[in-house]
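Let me begin by presenting the structure, written as structure tokens, before commenting on it.
The values are calculated or read from the model by the stated rules, or taken from the named source; none is laboratory data. Values in this document were obtained by computation on a predicted structure and should not be read as measured data. Note that we place each Cβ from the backbone using ideal geometry, even for glycine, and neighbour counts take in every protein chain shown. The area values use the complete protein model at the heavy-atom level, side chains included, leaving out ligands, DNA and RNA. Shrake-Rupley method; radii C 1.70, N 1.55, O 1.52, S 1.80 Å.
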Amino acid sequence: MNATLSAALAGLLDGLPQGRLAQAVDRLIASYRGETPTDAPVLRDRADVAAYAAYRMPATFEAVRSALAAFRAAAPEWAPASHTDIGGGTGAASWAVADAWPESDRRTTVLDWAEPALALGRELAAASDSPALRGAEWRRARIGAAMRLEPADLITVSYVLKELGDADRTAVVEQAAAAGQAVLIVEPGTPDGYERVIEARDRLIAAGLRVAAPCPHSAACPIVPGTDWCHFAARVSRSSLHRQVKGGSLAYEDEKFSYVAATRFPATPTASRVVRKPQIRKGQVLLDLCSTDESLHRTTVTKRHGDLYRAARDTGWGAEWPP
């Protein structure tokens, strides 16, 4: 994770009662895993927001950063001059955008309906090395059909759609498609998260955008509904603070996520993408790929493939293929 963000998060819980934080984390986990969309902000006060930032910000940051890396590979010469972070909360996606384009002098706007989250996001951003983050506008807004978006080069919607009802979810995606030159949507890497991403992908394509990542094409997803789901994993380093708030002893965890990035400008998707963890066996590597021919298939790379075999042994879930 970004070292500056990690350091800023480290001071969040000082002076807050441990029992209060544990209760807040338990409630946030229940809300995060729940099936019912919320009609009020989940983050209600400073303790809630501090617990959320320690519990979720590192994972959200890494998931969005991973998705942005795939997007940047499809459009390496492009950089956003403006970014709107819908439902951005404490700003994890905005930190990931700043990490992806650190040299960009960018206008950043974070929209959320929880004022405590915006206040803490502003506080964290003040410690950033990024002028775009330090100068960001943190604006309270109801996320949904009543929202009105200004045009922006990049619009991110990360871990937001599950919190919305059907009408608001549709409105957010359609407004993002109308206002953005590029749109990135990230959801949990669960079957229902994938379904929301696929629904959003269809709406983005219908609005005239083309998929840049992770898909190698903008045709229909080849996965038969209900049989599987497309998702990826980002490795999250867990600080002692993170382990204290969330429990567990491992120094890392893997955040599973689904995403789609689409653009109105030219982008070159990968020829194929590794959609499952590669299986390394004696003398061979099995890669499950989604390809430009709109198919899912498995390819076997053996030692006789030389450099390609060595590359296959080093490739990862979610990577482009061939490298």
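Structural remarks
- Computed FRET value (nearest 0.05) for ARG46 with ARG139, which takes r as the C-beta separation and R₀ as 25 Å: 0.80
- Here LYS256 is the anchor, and the aspartates and glutamates within straight C-alpha reach of less than 16 Å, apart from those fewer than 8 places off in the same chain, are GLU62, GLU187, ASP192, GLU195, ASP228.
- With every protein chain in place, the range 203-323: carbon and sulfur % of accessible area (1.4 Å): 50 percent
- Loop-resident GluC sites (Glu not before Pro) (DSSP state other than H, G, I, E or B) in the range 84-192 with no more than 16 further Cβ atoms inside 10 Å of their Cβ: GLU103.
- C-alpha long axis of helix 18-33 to longest principal axis of the chain, angle in °: 50 degrees
- Whole-angstrom gap from the range 47-63 to the range 130-173, using each part's C-alpha centre: 18 Å
- Between TRP95, TRP113, TRP78, the GNM of the chain built on Cα springs shorter than 10 angstrom shows TRP78 fluctuating the most.
- Every pair of different Cα atoms in the range 256-310 enters the Kirkwood calculation, which places the hydrodynamic radius at 13.2 Å.
- Cβ-derived FRET efficiency at R0 41 Å, ALA81 paired with ASP228, nearest 0.05: 0.60
- Inter-probe distance in nm under a simple model that places probes 7 Å from Cα toward Cβ, at ARG304 and GLU199: 4.9 nm
- Expected 222 nm ellipticity per residue - DSSP helices of 4 or more, -39500 (n - 2.57), all of the chain, to 500: -12000 deg cm²/dmol
- Within-15-Å neighbourhood charge of THR292 [Cβ basis; K, R +1; D, E -1]: -1
- Hz values of 3J(HN,Hα) by residue in the range 86-93 - Karplus curve (6.51, -1.76, 1.60), Gly and Pro given as x: 7, x, x, x, 7, x, 4, 5
- Across the range 186-203, rounded Karplus estimates of 3J(HN,Hα) from the backbone phi angles (6.51 cos²θ - 1.76 cosθ + 1.60, θ = phi - 60°) give 10, 9, x, x, 10, x, 6, x, 4, 4, 5, 5, 5, 4, 5, 4, 4, 5 Hz, Gly and Pro being marked x.
- For SER272, distant residues with modelled amide H under 5 Å away: TRP321
- Taking the longest Cα principal axis of the chain as reference, the axis of helix 46-74 is set at about 30 degrees.
- Accessible-area composition of the range 54-136, carbon plus sulfur, in percent [1.4 Å probe]: 49 percent
- Top positive-direction residue, dipole computed over the chain with Cβ charges, set ALA51, ALA69, GLY193: ALA69
- Cα→Cβ-extended label distance, 7 Å offset, between ALA167 and ASP314, nm: 5.4 nm
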